[in-house]
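Since the structure comes first, as structure tokens, the remarks are kept for the end.
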Amino acid sequence: MNKTYLSYNNIVSSLGFDSPTVVQNIHEGLSGITLIEDENLFPNPFYASVIDSDDLGKAFEELRPNGDYTRLEQMMILSVDKIIKASGVELTDRVGLILSTTKGNVDTLDPKNPMPTERAYLGTLGHIIKNYFGFTTEPIVLSNACVSGILAISIAKRFISQGTFDQVFIVGGDIVSNFILSGFNSFQAMSPLPCKPYCKQRAGINIGEVAASVLVNKDDNNLAPEAVEVLGEASCNDANHISGPSRTGEGLYRSIISAFKEANVGPQDIDYISAHGTATIFNDEMEAIALNRLGLDAVPLNSLKGYFGHTLGASGLLETIVGMHSLYHNTLYSSKGFTELGVSQPLNIITAPTVKNLNYFLKTASGFGGCNTAAVFKKVQS
């Protein structure tokens, strides 16, 4: 079986348009979440992580694009462009393209949006990215709620293991839109303040927007310094509820067990956990229960939602990339917003940047419909 690596990567977000800048801002404790007053997005002021439109437009114009592109398309193209150039990979029939998103160009359904409504089809989004760069293979779009980003890594790994592709470019993205804000507001899931994952004072999520991309590679001869090996991954759907997570954490528990088995590791090998941590009452409690069932309660853990908000279909990919840089820098980054434990089971929440020798990390995610994923990564360069 071929080994699989995550290599060149990029993040386009409110904290910067490249991974090193974003990670440095996280290290310094900066958050991209601000109070937004835009009645086109939501009638009342709300906290979210939104990319500055002028900055996005200027950066995209530097690519000298032909044609008109939506906000999400611009974000994704900017992100993928950087890793294609950095890697030097030729886009042959041995190179795949995977997109992860929950809602894609859903904003084009707004009557005020000048772009054609056909852009809302996820398959159309995939072909726009494919055609811009000249990929020769058909794009694959994964839309499986908030586990989409990690699931994209899992699918890319399996394509490479099966010999279908030698490399796969993954790009994940979602935007802050009226549709998404209205949906989460109807669940009464939006926090009136910046979110506080796992904290006693947590009151819900903030929405964020980001495009994140990574090159998945079967070879270890074209790797970025922060590259990691994908040791094991798994996904399990406990079908608990359309929106509510399992009260016992069963799906997440089983996902981690299966990922550990493939990776041939145990709880004692994991140096830190990049958890989902949405800051909702039920999600954070479910995660705490699942992690305690596995004996992972003492492992240092963070949620990055306090920096970016919940970036939906991109969150798992975004947070994996930050995890790659965490291992490379041998630094644990704090779980922003946390002050006092607010779940029923113990967790070792990271409260300040901490230097520590790191080799393995566990990434988890959970989403609507009972979906759960887990993946284990190992640092390549020590």
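The values are calculated or read from the model by the stated rules, or taken from the named source; none is laboratory data. Just so we're clear, the structure is a prediction, and the values are computed from it rather than from any experiment. As a convention, Cβ positions derive from the backbone with ideal geometry for all residues, glycine included, and neighbour counts pool all protein chains shown.
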With outside any strand (DSSP E or B), out of contact with any helix residue (DSSP H, G or I) (no Cβ under 8 Å at 6 or more places or on another chain), more than 30 Å from R94 (Cβ to Cβ) and modelled with pLDDT of 95 or more as the only criterion, which of A259, A203 stands out? A203
Can you tell which of F179, F260 is of a type in the set (F, W, Y), surrounded by fewer than 20 Cβ atoms within 10 Å (Cβ to Cβ) and touching a residue at least 24 places away in the same chain (Cβ under 8 Å)? F179
Which one of the conditions (1) in a helix (DSSP H, G or I); (2) surrounded by fewer than 23 Cβ atoms within 10 Å (Cβ to Cβ); (3) hydroxyl-bearing (S, T, Y) does S326 fail to meet, given that it meets all the rest? (2)
Go through (1) in a loop (DSSP other than H, G, I, E, B); (2) touching a His at 6+ places or on another chain (Cβ under 9 Å); (3) of a type in the set (A, V, I, L, M) for L252 and report which single condition fails. (1)
Checked the range 331-359 for anything over 22 Å from G295 (Cα atoms), assigned to a strand (DSSP E or B) and either not hydroxyl-bearing (S, T, Y) or not assigned by TED's automatic domain parsing to the domain that holds P300 (or both); matches are V355
Look at the range 360-382 and say how many of its residues are outside any strand (DSSP E or B) and buried (at least 19 other Cβ atoms within 10 Å of the Cβ). 2
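Among the listed residues E319, E287, which satisfies the condition of being outside the structural domain of N25 (by TED's automatic domain parsing), under 20 Å from E340 (Cα atoms) and in contact (Cβ under 8 Å) with a residue 40 or more places away in the chain?
E287
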Looking at the range 142-189, which of its residues are of a type in the set (F, W, Y), assigned to a helix (DSSP H, G or I) and more than 19 Å from A234 (Cβ to Cβ)? F179, F184
Odd one out for K356 among (1) out of contact with any helix residue (DSSP H, G or I) (no Cβ under 9 Å at 6 or more places or on another chain); (2) over 17 Å from L304 (Cα atoms); (3) buried (at least 18 other Cβ atoms within 10 Å of the Cβ): (3)
